[in-house]
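The values are calculated or read from the model by the stated rules, or taken from the named source; none is laboratory data. The structure displayed is predicted, hence computed values, not measured ones. In this analysis, Cβ positions are derived from the backbone assuming ideal geometry, glycine residues included, and neighbour counts consider all displayed protein chains.
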């Protein structure tokens, strides 16, 4: 049986090589774990299970490769003109031209790794001693924020895997069989820097904007604003993925793609849906307007912002995405985080987290001609970030980055100040 210490890291899947020894941001919990409910069970039963989480554990929610970058890197405001200032290439994530050994350490004699899956959050399993006679099992999971969800397991199974955990909260769990037998129960705590989101079978480069701190000490609420790669019914999202999407409060979808690949319906039937049809990110996206029909003269970014505002006002989390979750998605993410008061130097770090997604997301096929020339280009000193961040700063005058974003929304996008204030009151805690 796989033993997990009181302080547990997620173990990357077989295809997810990397350094699992990211520096912990907190000391290990000293609370003793309860007796293992799965003791004396053949280890083979858990061969396909994620690492175990036990009562009293404290576990890392964020992928350890991403967490290491978050723990160690600090940028400065307005530091988006010098390409040498980025630190992202020092970390094991999306392919950057370097070679690594089997443990994810840089090694000139190692292999070139193009798909480390560092955009996937940690997964854990809640385990129990199997008893087919007890019937099907329902695991109820909830956290201290008030979020709760149920997971179903067939009779005779011995575990349930859980993922997409919010960092820095306490979870309680209880697994109950159909005959009323309690198979497992307890609580555990999480830590980490980012609430990552992965929805089977291939909804990639996903992360919650929740948890990022503002300049005045507040924090963005979790499970309301998610950024990510494409979310397509049947293609990137399976039935199980759709169930997890709803569990994570993703009840609205904002598709930022252009005419060639935009959805005409949400990936999860019944979810709210908006598709303004946007061809590129950056400053062009901020200033683009509709030129036909009832939307004549409407700023497209205003439509995106108002969809996000109306969704979170109704308590519905939004997954906003383009194809890869980088340029158009990055543009809107910078705007939303900036408006909410996250310091620009932290927005720079969040922007670079797309590096941890696999090739195909962190690097698009249009960016290389040689199969060995995969490397991340969307640093905070390139393309979208270095184009629109100075633009917002120029609007701020002597004020903050948030002031510049607000001025853009009011003067250019024509968003009412009262809406902006309400959005902030909803999103900040």
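A compact table of results
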| quantity | calculated |
| --- | --- |
| Failed criterion for residue 180 (all others in (1) touching a residue at least 60 places away in the same chain (Cβ under 8 Å); (2) at positive phi hold) | (1) |
| Residue match in the stretch 377-400 (condition: crowded, with 23+ Cβ neighbours inside 10 Å, over 23 Å from residue 215 (Cβ atoms) and touching a helix residue (DSSP H, G or I) at 6+ places or on another chain (Cβ under 9 Å)) | yes |
| Test: residue in the stretch 113-122 that is outside the structural domain of residue 245 (by TED's automatic domain parsing), surrounded by fewer than 20 Cβ atoms within 10 Å (Cβ to Cβ) and without any contact (Cβ under 8 Å) to a residue 60 or more places away in the chain | no |
| Residue that is modelled with pLDDT of 95 or more, within 30 Å of residue 362 (Cα to Cα) and in contact with a helix residue (DSSP H, G or I) (Cβ under 6 Å, 6 or more places away or on another chain), where the choices are 161, 119 | 119 |
| Meets criteria (under 29 Å from residue 63 (Cβ atoms), touching a helix residue (DSSP H, G or I) at 6+ places or on another chain (Cβ under 6 Å), part of a helix (DSSP H, G or I) and modelled with pLDDT of 95 or more) for residue 351 | yes |
| Unmet requirement for residue 345, which otherwise passes all of (1) surrounded by fewer than 24 Cβ atoms within 10 Å (Cβ to Cβ); (2) part of a loop (DSSP other than H, G, I, E, B) | (2) |
| Any hit, the stretch 116-131, residues being under 25 Å from residue 226 (Cβ atoms), over 19 Å from the mean Cα position of the chain (by Cα) and not in a helix (DSSP H, G or I) | yes |
| Residue 281 being assigned by TED's automatic domain parsing to the domain that holds residue 400, touching a strand residue (DSSP E or B) at 6+ places or on another chain (Cβ under 7 Å), under 21 Å from residue 379 (Cβ atoms) and part of a loop (DSSP other than H, G, I, E, B) | no |
| Some residue of the stretch 85-93 being touching a residue at least 24 places away in the same chain (Cβ under 8 Å), more than 25 Å from the chain's Cα centre (by Cα) and not in a loop (DSSP other than H, G, I, E, B) | no |
| Subset of the stretch 172-216 [farther than 28 Å from residue 376 by Cβ and buried (at least 23 other Cβ atoms within 10 Å of the Cβ)] | 175, 183, 184, 188 |
| Odd one out for residue 161 among (1) within 17 Å of residue 121 (Cα to Cα); (2) part of a strand (DSSP E or B); (3) assigned by TED's automatic domain parsing to the domain that holds residue 303 | (3) |
| Matching entry among 211, 146 (being at positive phi and not assigned by TED's automatic domain parsing to the domain that holds residue 230) | 146 |
| Selected residue [at pLDDT below 90, crowded, with 16+ Cβ neighbours inside 10 Å and either over 20 Å from residue 193 (Cα atoms) or outside the structural domain of residue 164 (by TED's automatic domain parsing) (or both)] from 33, 49, 14, 22 | 33 |
